[in-house]
1. Using a simple charge model, +1 on the beta-carbon of Lys and Arg, -1 on the beta-carbon of Asp and Glu, nothing else, what dipole does the range 58-315 show about its Cα centre, in debye to the nearest 20?
2. How much length is gained on full extension from Thr368 to Asp226, taking 0.36 nm per residue of separation minus their Cα-Cα distance?
3. Around Asp331, under 14 Å between beta carbons, what's the net of Lys plus Arg minus Asp minus Glu among the other residues?
4. Residue by residue, what Karplus-based ³J(HN,Hα) values in Hz, rounded to whole numbers, does the range 191-196 have, using 6.51, -1.76 and 1.60 with θ = phi - 60° and x for Gly and Pro?
5. Order the peptides 282-289, 210-217 from the highest to the lowest mean number of other Cβ atoms within 10 Å of their residues.
6. Please give the Cα centre distance for the range 104-140 versus the range 304-367, rounded to the nearest Å.
7. Average projected area of the Cα convex hull of the range 92-230, in nm²?
8. Give, in nm to one decimal, the length gained when the segment between Glu240 and Glu110 is fully stretched (0.36 nm per residue of separation minus the Cα-Cα distance).
Amino acid sequence: MFDLLLRGGEIVDPGNGLTGLMDVAVDGGRVASVETSIRVDVAREVIDVTGYLVTPGLIDMHAHVFAGQDLGVDVDRCGAATGVTTLVDAGSSGAHLFGAFRRSAVERTEQRILALLNISTIGTTSIRLARELEDLRYSSIEDCVNCLLGNDDILVGVKARIEDAAVGRNGLEPLRRARIAADKAGKLLMVHIGDNPPELREILSFLRTGDIVTHCCTGWGNRLIDSTGRIRPEVLAARERGVAFDVGHGMGSFDATVASVMLGNEFVPDTISTDIHAYSISTVIGLPTVMSGFLALGMSLHDVVLRTTSTPALLLGHPELGSLAPGSVADIAVFALERGECTFRDTSGQEYEGDRSLIPVMTLRSGTVVHDSRSLRAGISPGAAR
């Protein structure tokens, strides 16, 4: 007897080749079965999701959920209510603040939070007054490594914001230290890019297989395309050696023209993320909004879902997430794909039009319903969502 059956939905799990009208059975917090038809009498609870899309729970690779800290937003505003079941906090805390982050953010919520540790011990404490990498005394390799090794259950890597406004006169030195710390702890390195200096070519030279460049659609000086509208050779070389490229929309890091040119060059971001924080939340809204924006730019639904589920899960070293394959953690999102004209806006104010929007309807985390905006669990018919 299964704990729960989601019946009649359109499965979209491109990472596992699962597509089409299928039922999903959940038992013991795991996906138990995905079949074209599963008998309703073998489940304790049946939820009719006919007319809706069913995907693995979304993974937001770049968020800031250290609530009360400069950038931080409450995890409940950008998690289950948006179909996101795993949030990766991208460097809000450093070694000297991680204990506070763990107690005030991670341990107070039922939502899953992983994190990247800022190479600066103070994290993004007050970036509008002074940047965390302007004083190298905070960029302690030893403290970073000790914190990474002591919090291995949450920390998946190191984060460094390498742009002119963040590093000041210190140039590449914070990145050099972040590289050493990541290597010593056996973790990935995520690097924020924006305006230059340092130059993109120099930044990319520090990155290896499994590392991540975030803000890949930036319109600032270190954008990935050159003046001729082609992908820079050093960017192609980085991808060839296994460096991943993440969107990190944020407040000032997503240029729709750059994104469109990248897609036109068949250079598709590896992961789509929000960089949601206190200053960007009114623009970003949530991960489904950013995903819908990429649908408007011409990406397919399958490609968009792939980059918010299985691909980030693999990069994070958590293949049990972002999947509907039997045996996976039963993190599941249900969406309405609503058709109609919609307008999106990039971080420079440029508008672009789309004709589809992903609307989060229900979210399950480890097999438990944690969000149900349309009372599907009460048996209310969803009607035609497509």
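1. Using Cβ point charges on Lys, Arg, Asp and Glu, the range 58-315 gives about 200 debye.
2. 46.4 nm
3. -1
4. 10, 7, 10, x, 7, 9
5. Order by mean packing, descending: 210-217, 282-289.
6. 26
7. 8.8
8. Net length gain for the segment: 43.0 nm.
Each reported figure results from applying straightforward, stated rules to the coordinates on display, with no laboratory input. Bear in mind that the values here come from a model prediction, so they are computed numbers and not experimental data. Positions of Cβ are generated from backbone atoms using ideal geometry, with glycine treated the same way; all protein chains shown enter the neighbour counts.
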